[in-house]
Amino acid sequence: MEWTRLRVLELEPGEAYAFPSGECEWIVLPLSGGCEVRCRAQPGSGDGAPGSEPQPFRLRGRTGVFGGPTDFAYVPRDAHAEVTSRRGGRFALAGARCERRLPARYGPAEAVAVELRGAGPCSRQVNNFAAAGPAGFACDRLIAVEVLTPGGNWSSYPPHKHDEHHPGEESRLEEIYWFEIAPHGDTPGYGYQRVTPSPAGKTDILAEVRTGDAVLIPDGWHGPSMAAPGHDMYYLNVMAGPGGGPREWLIRDHPDHGWIRGSWEGQDVDPRLPFPRAGAEDHR
């Protein structure tokens, strides 16, 4: 992928992971457990003296992705960061190539806007922790959200695309989907992801997805994301594209399927939504 980046860390209790941010901005997002993120400027970045005390962010985290939004930390480009988890856990590093160096910051869980989209069997929940727009968390190029779909439902529907730049109509953004599927007892969960070719590209995917799988979407109509009955689906969306314009998420619906939005009027949102918000327990 040219613009987007994703790493998923499995840290044992007391384990640390250090990394240079390089030419990318990053968000450290707890998937399960909590952590501490320390961030210091690299020499020559113009932000603090080299060797100065790292800036710490203590993330309370959550028990798991279906437990509600989590707090997170933003790591700017040209920095050095370290993620440490006292109790262990799983953590996503969502990144994007960028030009501007913004300040390192903490994002509280309470500030994450939770949106319920669609209706009926197309109902899903979106945790807009780093969505585009003036009310979203400020990044240079990175756009990232979490989508939670009750078992048996379709999300990312109708199929849509954002692989061409048309000012005011469509953004040029590549995208990564990273999945976690809820099991049923000892039975692992699964789902399916579809991507079809668009005028701008040839990506053509029909993939069975399970926990830990990623689908890379440089172009194409993407959707639906299908959750098998009895298995709730989570996915992390990481998006970014070329600079030169505003950071925005503008999509085009597939012309054969966009009509489905009109059918949602008068339908109720799935009563299984929203998924519960995380409690105050500290998972660091």
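The values are calculated or read from the model by the stated rules, or taken from the named source; none is laboratory data. Quick caveat, the model's predicted, so the values are computed rather than measured. Cβ sites come from the backbone with ideal geometry, for glycine too, and all protein chains shown count toward neighbours. Accessible surface areas use protein heavy atoms only, side chains included; no ligands, DNA or RNA. Shrake-Rupley method; radii C 1.70, N 1.55, O 1.52, S 1.80 Å.
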Query - Å² per residue, accessible surface of the chain at 1.4 Å - result: 43
Query - Gap separating the Cα centres of segment 68-82 and segment 2-31, nearest whole Å - result: 8
Query raised in the report: Check Leu31: other-chain or 5+ apart residues with amide H under 5 Å from its amide H, H built from backbone geometry?
Result: Arg90, Phe91, Ala92
Query raised in the report: What net charge is computed for the residues neighbouring Arg124, neighbours being all others with C-beta under 15 Å from the C-beta of Arg124, Lys and Arg scored +1, Asp and Glu -1?
Result: -3
Requested in this report: Return P(r) of segment 80-173 (all Cα-Cα pairs; 5 Å bins starting at 0; whole %; ordered from short to long distances).
Outcome: 3, 9, 15, 20, 20, 16, 10, 5, 2, 0
Query raised in the report: Across the Cα atoms of segment 123-171, what radius of gyration and what greatest pairwise Cα-Cα distance (Dmax) are found, in Å?
Result: 13.1, 36
Report summary line: Taking the reciprocal of mean 1/r across every pair of different Cα atoms in segment 58-108, the Kirkwood radius in Å is 12.7
Query - q = 0.24, 0.29, 0.32 Å⁻¹, segment 146-189: log10 I(q)/I(0) [Debye, one scatterer per Cα] - result: -0.98, -1.14, -1.20
Report summary line: Placing each pseudo-label 7 Å from Cα in the direction of the beta carbon, Glu115 and Arg272 end up separated by a distance in nanometres of 2.2
Requested in this report: Compute the separation of the alpha-carbon centres of segment 227-273 and segment 97-153 and state it in Å as a whole number.
Outcome: 12
Report summary line: Within the under-13-Å Cβ sphere about Val147, not counting Val147, Lys/Arg +1 and Asp/Glu -1 give a net charge of -3
Query raised in the report: Which whole-number percent gives the relative contact order of segment 121-193, counting Cα pairs below 8 Å spaced six or more residues apart?
Result: 22
Requested in this report: Starting with the highest mean, order 218-228, 11-21 by the number of other Cβ atoms within 10 Å, averaged over the residues of each peptide.
Outcome: 218-228, 11-21
Query raised in the report: Ranked from highest to lowest mean number of other Cβ atoms within 10 Å per residue, what is the order of the peptides 165-177, 198-210?
Result: 165-177, 198-210
Query raised in the report: Taking a quarter of the surface of the convex hull around the Cα atoms of segment 1-135, what do you get in nm²?
Result: 9.4
Query raised in the report: Full extension from Thr84 to Tyr192: what is 0.36 nm times the residue separation minus their Cα-Cα distance, to one decimal in nm?
Result: 35.5 nm
Report summary line: Here the net charge surrounding Pro108, from other residues whose Cβ is less than 11 Å away from its Cβ (Lys, Arg +1; Asp, Glu -1), is 0
Requested in this report: Report the residue, chosen from Pro158, Pro197, Pro150, that carries the largest GNM mean-square fluctuation when the chain is represented by alpha-carbon nodes joined by springs under 10 Å.
Outcome: Pro197
Query raised in the report: Taking +1 at the Cβ of each Lys and Arg and -1 at the Cβ of each Asp and Glu, which of Ile251, Trp3, Pro121 sits farthest along the dipole of the chain towards its positive end, judged by Cα position relative to the Cα centre?
Result: Trp3
Report task. Quickly rank 78-88, 240-250 as a protection proxy: mean count of other C-beta atoms within 10 Å, highest first. Result -> 78-88, 240-250
Report task. Convert 10 °C to kelvin, take the viscosity as 1.306 mPa s, use the Kirkwood radius over C-alpha pairs of segment 97-255 as Rh, and evaluate the Stokes-Einstein diffusion coefficient in µm²/s, rounded to a whole number. Result -> 97
Requested in this report: Would you kindly calculate the translational diffusion coefficient of segment 236-276, applying Stokes-Einstein with the Kirkwood radius from alpha carbon pairs, for 10 °C and a viscosity of 1.306 mPa s, and quote it in µm² s⁻¹ without decimals?
Outcome: 112
Report task. Kindly write out, for segment 111-118 in residue order, the coupling ³J(HN,Hα) from the Karplus curve 6.51 cos²θ - 1.76 cosθ + 1.60 (θ = phi - 60°), rounded to whole Hz, with x marking Gly and Pro. Result -> 8, 6, 6, 9, 10, 9, 10, x
Query raised in the report: For the residue pair Ala138 and Arg58, what label-to-label distance in nm results when each label sits 7 Å from Cα along the Cα-to-beta-carbon direction?
Result: 2.6
Report summary line: Note: Arg261 to Ala200 extended length (0.36 nm per residue) minus current alpha-carbon separation gives 19.6 nm
Report summary line: Between Ile251 and Val8, the FRET efficiency computed from the C-beta separation at R0 = 22 Å comes out, to the nearest 0.05, as 0.30
**Report entry** Apportionment of accessible area to carbon and sulfur, the chain, percent (1.4 Å)
**Finding:** 52
Query - Cβ-based charge dipole, the chain, positive-most Cα from Thr84, Cys139, Gly189 - result: Thr84
Report summary line: Among Ala119, Ala94, Ala132, the residue with the largest mean-square fluctuation in a Gaussian network model of the chain built from Cα contacts under 10 Å is Ala119
Requested in this report: Consider the candidate values [x] 57, 46, 30; [y] 54, 37, 32; [z] 58, 41, 33; state which one is Cα extents along the principal axes in Å computed from the structure displayed.
Outcome: [x]
Query - Virtual paramagnetic centre 7 Å along Cα→Cβ of Leu102, amide N under 15 Å, in segment 120-158 - result: 128-145
